[in-house]
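The next block holds one structure in the form of structure tokens; read it before the comments.
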Amino acid sequence: MLFKKESPLYATEIELRQGEDILYINYLPASFVPSIAENPLVMARTIETLTENPTISRVVFVQQRNYNYPQEQVLLLAEIARAYNFLIKQEALLSSQKLGLFGNTPQVYEDLSYLLELLKQDPIACYLELHERIKSIKAQLEQFQKPSHSSLMNYLRALERFFSILENTKLLKSIHDILPNYRAGNREIYSNVFRPEVLPNFTFTRLSAQLPSNSEFVDQYNIESEEETITITILKQKNDPKYFYHIMPPEFLLSEEHHMLLNLARNVLTEHRPKAEEFTDPTRTRQVFFNVSRDMLSELATTKNISINHRELNNLAKILVRHTIGFGLIEVLLMDKKIQDIVLNAPITQNPIFIRHEQYEECVTNIIPSYEDADSWAGKLRLQSGRPLDEANPVLDTDLVFENTRSRVAAITEPLSPNGLAYAFRRHRDKPWTLPLFINNKMLDSFSAGLLSFMIDGSRTLLVAGTRSAGKTSLLGSLILEILPKYRIITVEDTLELPIDYLRKLGYDILRMKVRSALLAGSTEIAAAEGIRTSLRLGDSALIVGEVRSEEAKALYEAMRVGALANVVAGTIHGDSPYGVFDRVVNDLNVPITSFKATDLIVVVNPIKTPDGLHSIRRITQITEVRKHWTRDPLEEKGFVDLLRYNVETDKLEPTQELINGESEIIKSIAGSVKGWAGSWDAVYDNIILRGKIKQEIVDAALKLNKPEIMEADFNNLSNHMFHRISDDIRKKKGLPSSEFVFPEWKKWFYAAIEQL
């Protein structure tokens, strides 16, 4: 709270935040809602304050709700304030010297005093009064036509100067077209200009409730949760390549009574902030705070004789948790499953939040964060992650988890970000991605899905490479689902992005390890390289590395060389081609060439731009095997052999001749250890196609029967289990698990299973 209970009415406080001078005026004791548009005294008081503080860029009236007037509106008032200052000081209209030129009569003094006071309370009325006075004085002068009335002429010139200054202000220009409809004393005309953003008292993050003018309606949908329904409106503005994402959170739609309850409860909760150690288990802390909030709100409602039902109580408790120990409106945005990224640029108070939408791509929102909220988020991230964020360590990478939502957070501050705090939130899908889901959105096709499934079953080592936001981690998560749950898996991540909790619910035996970020010089966390080496001492396991960033690459390749023929070893890495991966691993990360050859497969995923340049689509662009018989440069010595290559004209991954002709050394290596496959390329190829057919059948049935849930992880896991079980039964009966026999049996099970859903 900026103002205490004993703070007097109209008390002011000015804060400098990231290049903004923000004026706060205390209206907590007032019995009325402060409004510049509706109340002439509120307008006058604001203009008076601006005359003394000309650098103010934003004005906030503090009450049960905060009324924020943004910079463009404050500038209109500041111009009136400058005009008032000029007339009082430079023109010195009320000085004895000037009054002497005007005849020095009480009537002139009273008239000027009235007009100057009217200028602060109602500039439009002042403008019209000046216009009438000037007309009247001109008429008088035409009657007298005598030099003895030079004082009246001086007064006329002063009023004309006054009129001209006021006429040229932006406020008067902005309403000039509607002036003919103006009636004296009616302040509705100001409502077209001064529209405050009405904010809950517990947050200074601003939200524009008004839909932008000159915008075209595109779409509307609701975000549904247990207690809340939030409406999202998508608009297209003229001359703006971005869509406008308009959200109306429930905290901005509360009744006055519920708003009062939240303010009272928040004042109590802020005195009992959770300790640092409680943030190590944020889920439990949130639940405890939710229960405390609900009980407190219920007691307050009874004390204040306010009626509140169960749904409203839970809704208010959620809002209270969100704006005390949570991340405010960031959490509301993360509830939207269609949002992929949320970006807050510095200076944080002067930029709206931007998002990346799965359907409308880059969007600007109607939310402008506050410094107070952004600073509190930084503190919470430090506590939750145990990682620093300061001048010595201006980057913090961590994860944010609440309810069923997961996201990766990158925060930066000074000196790296000279304008202060900035954030990027990457929202993870609530459930893991699966290969059928990727087939459905055309990131890959059924054949490539079958090939990747085959490689995972063959315990190969692979790297998923690509640029930022290409979908590397999502693809890696879908490949984990192709590992049979009977095998143990160890994951090593510096930021927890892989859907491990959900995989555990599916019955996977997973040990998650969190290691120090490569961006940190020192920390109590274990270094990534040591974490990977430790995994080798924890028993026979598949090893999944969230992202290969730094010196841990050497340890990863140790794991690859040790475990290549026993279990899957996989990770993600930045790189736009197989050679780009080689260059980064060998030349940047100092992994020996002989160690790099432990890589069996490089899967490259990259965004593909559409011809209009406005859109990008995620695609696997290459699946490349790494040959072993080269010594210096894999490009020159044909150490890279593409198995699948993306055709931009057909928008498809196409098998290369090397794959079609059975010249893949890795596939031959897998087949060599399987009875019936050794030396039989047709049998191996048949199994790859079979796996792809099953994935495609799932996608086709999901679309045809309107059952998208069968493309999700739960059913994918069940389908993989039945595929292996049926394959084993057919192998025992026929000698080989050929698609001729496996696919019909699987299909019979499949349609029987989905009938029961």
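The values are calculated or read from the model by the stated rules, or taken from the named source; none is laboratory data. Computed from a predicted structure; not experimentally measured. Neighbour counts are summed over all protein chains in view; Cβ atoms, including those assigned to glycine, are modelled from backbone coordinates with ideal geometry. Just so you know, the surface numbers come from the protein's heavy atoms only, side chains and all, with ligands and any DNA or RNA stripped out. Shrake-Rupley method; radii C 1.70, N 1.55, O 1.52, S 1.80 Å.
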Checklist entry - Within region 590-599, can you find the residues that are assigned to a loop (DSSP other than H, G, I, E, B) and open to solvent by 10 Å² or more (accessible area, probe 1.4 Å)? => result Asn590, Pro592, Lys597, Ala598
Checklist entry - Is it the case that region 155-168 has a residue that's outside any helix (DSSP H, G or I) and within 44 Å of the chain's Cα centre (by Cα)? => result yes
Item to check | Qualifying residue in region 1-10 (condition: under 21 Å from Asn351 (Cβ atoms) and under 36 Å from the mean Cα position of the chain (by Cα)) | outcome: no
Checklist outcome for this item: Log entry, pairs with first residue in region 692-721 being acidic (Asp, Glu), second being in a helix (DSSP H, G or I), beta carbons closer than 7 Å, six or more apart or on different chains, reads Glu697/Lys747; Glu697/Phe750; Glu709/Phe715
Checklist outcome for this item: Taking region 95-148 and keeping residues open to solvent by 50 Å² or more (accessible area, probe 1.4 Å), part of a helix (DSSP H, G or I) and among the charged types (D, E, K, R) leaves Lys98, Glu110, Glu117, Glu129, Glu132, Arg133, Lys135, Lys138, Glu142
Next on the checklist: Whether any residue in region 439-446 is touching a Phe, Trp or Tyr at 6+ places or on another chain (Cβ under 7 Å), at pLDDT below 95, within 27 Å of Asp336 (Cβ to Cβ) and surrounded by fewer than 23 Cβ atoms within 10 Å (Cβ to Cβ) is what I want to check.
Outcome noted: no
Item to check | Hits in region 282-306 (condition: open to solvent by 60 Å² or more (accessible area, probe 1.4 Å), over 22 Å from Gly379 (Cα atoms) and among the hydroxyl-bearing types (Ser, Thr, Tyr)) | outcome: Thr302, Thr303
Checklist entry - Taking region 15-28 only, how many residues are part of a strand (DSSP E or B) and over 14 Å from Arg65 (Cβ atoms)? => result 7
Next on the checklist: Being open to solvent by less than 10 Å² (accessible area, probe 1.4 Å), of a type outside the set (D, E, K, R) and at pLDDT 90 or above: is that true of Val581 here?
Outcome noted: yes
Checklist entry - Looking at Ser215, is it open to solvent by 20 Å² or more (accessible area, probe 1.4 Å), small (Gly, Ala, Ser) and closer than 30 Å to Leu320 by Cβ? => result no
Checklist entry - Given Tyr190, Tyr221, which one is of a type outside the set (Val, Ile, Thr), open to solvent by less than 100 Å² (accessible area, probe 1.4 Å), in a helix (DSSP H, G or I) and at negative phi? => result Tyr190
Next on the checklist: Every residue in region 313-324 that is over 27 Å from Val59 (Cα atoms) and either out of contact with any Phe, Trp or Tyr (no Cβ under 8 Å at 6 or more places or on another chain) or open to solvent by less than 20 Å² (accessible area, probe 1.4 Å) (or both), please.
Outcome noted: Leu313, Asn314, Asn315, Leu316, Ala317, Val321
Checklist entry - What is the one condition in (1) hydroxyl-bearing (Ser, Thr, Tyr); (2) part of a loop (DSSP other than H, G, I, E, B); (3) open to solvent by less than 30 Å² (accessible area, probe 1.4 Å) that Ser31 does not satisfy? => result (3)
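Does Ile56 satisfy being buried (at least 19 other Cβ atoms within 10 Å of the Cβ), under 30 Å from Arg17 (Cα atoms) and modelled with pLDDT under 95?
Here the answer is yes, as Ile56 does meet what is asked.
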Next on the checklist: Residue pairs, Cβ under 7 Å, 6 or more apart or interchain, first in region 585-599 and within 13 Å of Glu558 (Cα to Cα) and among the hydrophobic types (A, V, I, L, M, F, W, C), second open to solvent by 50 Å² or more (accessible area, probe 1.4 Å) and in a helix (DSSP H, G or I). List them.
Outcome noted: Val591/Lys554; Ala598/Arg561
Item to check | Residue in region 395-408 that is surrounded by the fewest Cβ atoms within 10 Å (Cβ to Cβ), counting only those that are more than 20 Å from Phe289 (Cβ to Cβ) and aliphatic (A, V, I, L, M) | outcome: Val395
Next on the checklist: Any residue at all in region 410-432 that's of a type outside the set (Gly, Ala, Ser), open to solvent by less than 10 Å² (accessible area, probe 1.4 Å) and assigned to a loop (DSSP other than H, G, I, E, B)?
Outcome noted: yes
Item to check | Residue under evaluation Tyr371, criteria (1) over 18 Å from Leu421 (Cβ atoms); (2) at pLDDT below 90, criterion not met | outcome: (1)
